[in-house]
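Peer 1: Quick one: this structure, given as C-alpha cells, is what I'll be asking you about.
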Amino acid sequence: MNRALYMLGRAFDIVIDVGALAATWLIAVMALTIGLEVLMRRVFNDSLPWVIQINEYAVMAIPFLAGAWLLKQDAHTRLTLIMERVSPRTASLMRMGTSILAAAICGMLVWKTGSRVWEGIDAGTIFRGDAFSIRQAWIWWVLPFGFATLGIHFLRDAYAGYRDRNRVEDEVVSPSEFAEI
C-alpha cells in the first residue's frame, strides 16, 4: 500500500512539474511574440493580430499550470501576522485547517469549471477571436486541471501537517519558516 501511494505521489509530482515547465515555456513564448510584435510595429509598421490573442490565452493558463508547483516549492506568499504569535502546534493546526479548507474550495471549483468545460465540449462552443477561432475546451481545460492539482496538493500538505503534528511541538519554528516567499 505504501509503495503504491509513493508511486502515485511521484506520478503526481511529475504531472505538476510538467505543468510548471509548460508555464515556463508559455512565458518564453509570450516574451518572444511580444518582442516580435514590437519589432513589426516599429520597423515594418505592421502588426501581427494573433499575438494579442495568443498572449491572452497564455496569461490565463500560466497560473493554473504552475500553481501546484509553486505550492509544492512553498514559493507562495503567506500571511504571517497570526502565525508569528501562536505556538508551533497551533500554527501547524492552522496550516492543516487552511489546507483542508483550500482543498474543499478547489474541489468545488474543479466541479464548476469542469462542468463548464464539458458543456463547451458538448455544445461545440468556439471562441471567435480577432485573429483565429478556437474551441473553448482547448483553452479552458487548464481551469479544472489547475484547481485539481492545487486541491490534491493542499490535501498532501494537510496530511503532512497531521503526520508531523507531534514533531512540531518539540521544535522551535521560526517565523521566517512561515514567511518564505
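Peer 1: Can you name the residue in region 29-82 that is basic (Lys, Arg) and not in a loop (DSSP other than H, G, I, E, B) and is also nearest to residue 14 (Cα to Cα) among such residues?
Peer 2: Ranking the qualifying residues of region 29-82, first place goes to 72.
Peer 1: What is the one condition in (1) in contact (Cβ under 8 Å) with a residue 12 or more places away in the chain; (2) under 16 Å from residue 64 (Cβ atoms) that residue 92 does not satisfy?
Peer 2: In the conditions (1) in contact (Cβ under 8 Å) with a residue 12 or more places away in the chain; (2) under 16 Å from residue 64 (Cβ atoms), residue 92 misses (2) alone.
Peer 1: Tell me whether region 12-25 contains one or more residues that are among the acidic types (Asp, Glu), in a helix (DSSP H, G or I) and within 25 Å of residue 138 (Cβ to Cβ).
Peer 2: Start the filter on region 12-25 by keeping residues that are among the acidic types (Asp, Glu), which leaves 13, 17.
With in a helix (DSSP H, G or I) added as a condition, the list becomes 13, 17.
Next cut, within 25 Å of residue 138 (Cβ to Cβ) only: 17.
Yes, region 12-25 contains a residue that is among the acidic types (Asp, Glu), in a helix (DSSP H, G or I) and within 25 Å of residue 138 (Cβ to Cβ).
Peer 1: Quickly run through region 62-82 and pick out the residues that are at pLDDT below 80 and among the β-branched types (Val, Ile, Thr).
Peer 2: Those that are at pLDDT below 80 and among the β-branched types (Val, Ile, Thr): 77, 80.
Peer 1: So which pairs qualify, if the first residue must be in region 111-137 and of a type in the set (A, V, I, L, M), the second must be part of a loop (DSSP other than H, G, I, E, B), the Cβ gap must be under 9 Å, and the two must be at least 6 apart or on different chains?
Peer 2: These pairs meet every condition: 117/141; 131/48; 131/49; 137/125.
Peer 1: Restricting attention to region 71-94, and to residues there that are of a type in the set (D, E, K, R) and closer than 13 Å to residue 157 by Cβ, which single residue is surrounded by the most Cβ atoms within 10 Å (Cβ to Cβ)?
Peer 2: 72
Peer 1: Every residue in region 25-62 that is more than 19 Å from residue 132 (Cα to Cα) and either buried (at least 16 other Cβ atoms within 10 Å of the Cβ) or touching a helix residue (DSSP H, G or I) at 6+ places or on another chain (Cβ under 7 Å) (or both), please.
Peer 2: Result: 27, 62.
Peer 1: I'd like to verify a number: residues in region 95-110 that are in contact (Cβ under 8 Å) with a residue 60 or more places away in the chain and closer than 14 Å to residue 152 by Cα, how many?
Peer 2: 2
Peer 1: Restricting attention to helices (runs of 4 or more DSSP H) lying wholly within region 83-167, give those where 1 or more residues are more than 24 Å from residue 18 (Cβ to Cβ) and out of contact with any Lys or Arg (no Cβ under 6 Å at 6 or more places or on another chain). Spell out how you get there, then give the answer.
Peer 2: On the way: elements: 88-123, 136-140, 142-163.
Where helices (runs of 4 or more DSSP H) fall fully within region 83-167 and carry at least 1 residues being more than 24 Å from residue 18 (Cβ to Cβ) and out of contact with any Lys or Arg (no Cβ under 6 Å at 6 or more places or on another chain), they are 88-123, 142-163.
The values are calculated or read from the model by the stated rules, or taken from the named source; none is laboratory data. Treat the numbers as computed from the prediction; the structure is a model and nothing was measured. All Cβ positions, glycine included, derive from the backbone under ideal geometry; neighbour counts span all protein chains shown.
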